[in-house]
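Novice: The structure under discussion is supplied below as structure tokens; questions concerning it will follow.
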Amino acid sequence: MSKYMIRDIFKTFGPNYIKNHNLSKEEWKVYNAIINCGTSKLGYHICTCTECGEEYFGFNSCRNRHCPMCQNYAREKWIEKESSYLLDTKYFHIITTVPSELNEIAMYNKMIFYNILFKATSESILELANDPKWLGAKVGITSILHTWGQTMELHPHIHSIVTGGGLSNNKWLTCKEDYLFKVQVLGSLFKKKFLACLKHEFDNLKLNDNINNIKSFNKFLEPLYNKTWITYIEPPKGDATNVVEYVGRYSFRVAISNQRIKDISNDKVTFEYKDYKDNCKIKEMTITGEEFIRRFFLHILPNNFTKIKHYGLLANRDKKNCIKLCKLLISRTICNEFIVKKSREFKEFICEKCGNNKFYYSFEYNNNRLCTC
């Protein structure tokens, strides 16, 4: 376990931050969840071995998706579920991001902005993949939203894992070698789609006083059409059995992990980051505790917002039947023993006294017993 935790930063600098800032409902929820995670304030649970009666005590976790302490279990459950949809094909890793000029709009319009980011990304990939010039087939996409860079500043971008093949007229087509389509073409199409969707939502956006009508909004966006938007296509690495594990790592990250926090002292927080502009060297950055909390809160997502979405062959509407057909056409069904075994190993809890793995659980919240199971 890391010596320093985000919870320590919130406890040390949080009261002063609250005095100087008005927290939203989402921010209050995350703040209280992380402060109380793994403490008596969230109650406790007792695991009783069904074989020998040995009892194990533990405090309840908050299970908030922004808490770095509560992501391992959620990740393993997701990996176990998604492994059944894995296909025996290549997978590409595609990153789409927006220029920093749009960060202010993203900050005050999170729900709209991030939905547009998902929409423009998925439509661009599906359109290009379906073009006979490239693949000419319907591919499967799993997209994950990240809103941060290494220094926790706002940096909205989408990680998409895309099948290197797809369905066309009930036939499975595989892309040639390690090539899906040109990254420059993707960047150009993504830019056009994103800006078109953003303009369409003008009436619903919260903007600063300098942008008070559609004419001034168009003028603000005009330079972005001439700018190169950063997109990246990483060719397939390894075999298909590592894909879900790879996606899982991206899916359940938070803005910063406890392991990256190196020091908390003198009203400052020092954390580790990777400098991509300097050959990915590991460096340290020191900022005030108040600034650390401000940056962390930038990445709190709206309530009920889905940060992992599936498209194309993996769209939830007919996902199971579509994957069955794909596996049949590929003529091979994957038995992903590595991922399933790892997931079970993570979840299983063994009684230290008798070696039994079945338990009776009782939970107590705020000193009042609510349920047993």
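Novice: Ordered by residue, what ³J(HN,Hα) values in Hz, to whole numbers, does the stretch 284-291 give under the Karplus form 6.51 cos²θ - 1.76 cosθ + 1.60, where θ = phi - 60° and Gly and Pro are x?
Specialist: Going residue by residue, I get 10, 10, 10, 9, 5, x, 5, 5 Hz, with x marking Gly and Pro.
Novice: Something else about it: Work out the FRET efficiency for THR288 and ASN130 from their Cβ-Cβ distance, taking R0 = 41 Å, and round it to the nearest 0.05. Show your work: numbers first, answer last.
Specialist: Working: r = 50 Å, r/R0 = 1.21.
Efficiency at R0 = 41 Å is approximately 0.25.
Novice: With runs of 4+ DSSP H residues as the only contributors, calculate the mean residue ellipticity of the chain at 222 nm using -39,500 (n - 2.57) per run, divided by the residue total and rounded to the nearest 500. Could the numbers behind the result be given before it?
Specialist: Values: 11 runs with 137 residues, N = 373.
Per the formula, -11500 deg cm²/dmol.
Novice: When the chain is treated as a GNM, springs tying every alpha-carbon pair under 10 Å, which of PRO235, PRO132, PRO302 comes out with the largest mean-square fluctuation?
Specialist: So, out of PRO235, PRO132, PRO302, the one fluctuating most is PRO132.
Novice: Relative contact order (percent) for the chain, with alpha-carbon contacts under 8 angstrom and 6 or more residues of separation? Write out the running numbers ahead of the final one.
Specialist: Numbers: 579 pairs, mean separation 106.0, N = 373.
Value for the chain: 28 percent.
Novice: Once the other residues with Cβ under 9 Å from the Cβ of TYR273 are scored (Lys, Arg +1; Asp, Glu -1), what is the net sum?
Specialist: On the way: positive: ARG260, LYS274, LYS283; negative: GLU272, ASP275, GLU284.
Every neighbour counted, the sum reads 0.
Novice: Which value in Å is the Kirkwood Rh of the stretch 76-116 over different Cα pairs?
Specialist: On the way: mean 1/r = 0.0737 Å⁻¹.
When all Cα pairs of the stretch 76-116 are included, the Kirkwood radius is 13.6 Å.
Novice: For a 32 Å ceiling on Cα separation, which of these pairs sit above it: LYS81/LYS262; LYS25/LYS309; LYS133/LYS319; LYS19/LYS309; LYS191/LYS237? Intermediate values should be presented prior to the final figure.
Specialist: Details: LYS81/LYS262 35 Å; LYS25/LYS309 25 Å; LYS133/LYS319 26 Å; LYS19/LYS309 37 Å; LYS191/LYS237 27 Å.
Checking Cα-Cα distances, LYS81/LYS262; LYS19/LYS309 exceed 32 Å.
Novice: In terms of the Cα gyration tensor, with a ≥ b ≥ c the square roots of its eigenvalues, is the chain rounded because a/c is under 1.5, prolate because a/b exceeds b/c, or oblate?
Specialist: On the way: a/c = 2.00, a/b = 1.15, b/c = 1.74.
It comes out oblate by the Cα gyration axes.
Novice: Rounded to the nearest 0.05, what FRET efficiency is calculated for LYS41 and GLU104 with R0 set to 30 Å and r the Cβ-Cβ distance?
Specialist: On the way: r = 36 Å, r/R0 = 1.21.
The value I calculate is 0.25.
Novice: Apply the a/c threshold of 1.5 to the C-alpha gyration tensor of the stretch 185-281 and tell me whether it is rounded, prolate or oblate. Let's see the in-between values first.
Specialist: Numbers: a/c = 2.36, a/b = 1.39, b/c = 1.70.
Judged from the Cα gyration tensor, the stretch 185-281 comes out oblate (a/c at least 1.5, b/c at or above a/b).
Novice: Where the centroid of each part is defined by its Cα atoms, how far is the stretch 175-236 from the stretch 12-54 in Å?
Specialist: With the stretch 175-236 and the stretch 12-54 each reduced to a Cα centre, they are spaced 39 Å.
Novice: Could you rank the peptides 156-164, 308-316, 104-112 by their average count of other C-beta atoms within 10 Å per residue, with the highest value first? Before the final figure, lay out the partial values.
Specialist: Values: 156-164: 23.8, 308-316: 18.8, 104-112: 16.9.
The peptides rank, most packed first, as 156-164, 308-316, 104-112.
Novice: How far apart, in nm, are two points set 7 Å out from the Cα along the Cα-to-Cβ line at ASN210 and at LYS319?
Specialist: For ASN210 paired with LYS319, the spin-label model returns 4.3 nm.
Novice: A follow-up question, please. From the square roots a ≥ b ≥ c of the eigenvalues of the alpha-carbon gyration tensor of the stretch 21-163, which class results: rounded (a/c under 1.5), prolate (a/b over b/c), or oblate? Mind showing how you got there, number by number?
Specialist: Working: a/c = 3.79, a/b = 1.46, b/c = 2.60.
Cα axes put the stretch 21-163 in the oblate bin.
Here, each number is a calculation from the coordinates, and none is a lab measurement. Predicted, not measured: the structure shown is a model, and the values here were computed from it. Cβ sites come from the backbone with ideal geometry, for glycine too, and all protein chains shown count toward neighbours.
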